[in-house]
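Some notes on the structure that comes next.
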Amino acid sequence: MTSILVIEDDPSIRAALDRGLSERGHHVQTAASGIAGLEAVLGDRPDVVLLDLGLPDVDGLTVIGMIRAASAVPVIVITAVDDDPTMVRALDSGADDYVVKPFRLDQVTARIRAVMRRSQRGATTEPIRVGELLIHEPTRTATLAGEQLELARREFDLLFALAERVGVVVSKRTLLAEVWQQVDGSDRTVDVHLSWLRRKLGETAAEPRYLDSVRGVGVRLIDPTDRADRKTS
Ligand code: CA
């Protein structure tokens, strides 16, 4: 069970998050102002904070800074403001991720899972190793057989989302939510980026190595030598 602190002044959004996240088995606490939220962060030590940027008492960006001064708890910003400068400032202030209103609950839970996975892996600087592929999240770099891969931002995010659960088939819907923050996006977006990623990994859909597509389900990242083992066994 994840304990989640919701800092949100809008009563209806606060209640919806409280109810929805509680129904999914999380322990939810709420605060209606920045100051009350800060007190809850310090007093209750939640696992994740959902923070509305538009609060009545203290600016959300200031709240992030005050949380960061005291705690490494993952902070997901919730905002009605869908503009990049605000998001960049929020992330620079120490937020871990964000969702934009209006959001759907599965979008929020996908972000919570993602930040929890990152925080549970902790400050480890160990790269994820899959066969000859090394993925290093802190520096956002990947190498294949020692050669640095030139990956665009989304390509790295996609590779990393798969690398975080090696061997597990991840649905395109989940990838759209985690990599693109879209709940109603097109599978085609994922397909296109997968084909670019394949090319950079030196493989094709006809002759896959690391990226194993499971028709109608999704895709997973695997060690190609395991694939060979399976074929021969
Ligand atoms: Ca607000």
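The values are calculated or read from the model by the stated rules, or taken from the named source; none is laboratory data. Values in this document were obtained by computation on a predicted structure and should not be read as measured data. Backbone-built Cβ (ideal geometry, glycine too); neighbour counts: all protein chains shown. Quick note on the areas: whole protein, heavy atoms, side chains included, nothing else; ligands and nucleic acids left out. Shrake-Rupley method; radii C 1.70, N 1.55, O 1.52, S 1.80 Å.
Structural remarks
- Solvent-accessible surface of the range 128-232, averaged per residue with a 1.4 angstrom probe and all protein chains in place: 53 square angstrom.
- Fraction of antiparallel bridges per DSSP, the chain only, in percent to nearest 5: 45
- Candidates TYR98, ILE128, ILE67 compared by Cα position along the dipole of the range 7-158: farthest toward the positive end lies ILE128, with charges placed on Cβ.
- The chain: relative contact order as a whole-number percent, Cα under 8 Å and 6+ apart: 12
- Pairwise FRET efficiency - THR62 versus VAL192, Cβ, R0 = 35 Å, nearest 0.05: 0.30
- GNM on the chain, alpha-carbon springs under 10 angstrom: the most fluctuating residue among VAL49, VAL190, VAL166 is VAL166.
- Taking the centroid of alpha carbons for each part, the range 138-166 and the range 48-82 are 29 Å apart.
- Within a Gaussian network of the chain (alpha carbon springs, distance under 10 Å), most fluctuating of ALA206, ALA72, ALA161: ALA206
- Loop-located GluC sites (Glu not before Pro) across the range 162-233 with a Cβ neighbour count of 15 or fewer within 10 Å are GLU203, with loop assigned by DSSP.
- Carbon plus sulfur fraction of accessible area for the range 128-232, probe 1.4 Å, in percent: 48
- Average accessible surface for the range 1-118: 44 Å² per residue, computed with a 1.4 Å probe over protein heavy atoms with every protein chain in place.
- Taking a ≥ b ≥ c as the square roots of the eigenvalues of the Cα gyration tensor, an a/c ratio below 1.5 marks the range 3-121 as rounded.
- Of THR79, THR189, THR139, farthest towards positive along the dipole that unit charges on Lys, Arg, Asp, Glu beta carbons give the chain: THR189
- For the range 128-232, the square roots of the Cα gyration tensor eigenvalues, ordered a ≥ b ≥ c, give a/c of at least 1.5 with a/b no greater than b/c, which places it in the oblate category.
- Of SER71, SER213, SER119, the residue with the greatest mean-square motion in the GNM of the chain, using alpha carbon springs below 10 Å, is SER71.
- The base-10 log of I(q)/I(0) for the chain, evaluated at q = 0.09 Å⁻¹, reads -0.42 [Debye formula, identical scatterers on Cα atoms, solvent excluded].
- In the range 3-121, the DSSP beta bridges split such that about 0 percent are antiparallel, to the nearest 5.
- Each stretch of four or more DSSP H residues adds -39500 (n - 2.57); spread over every residue of the chain, this sum gives -13500 deg cm²/dmol at 222 nm.
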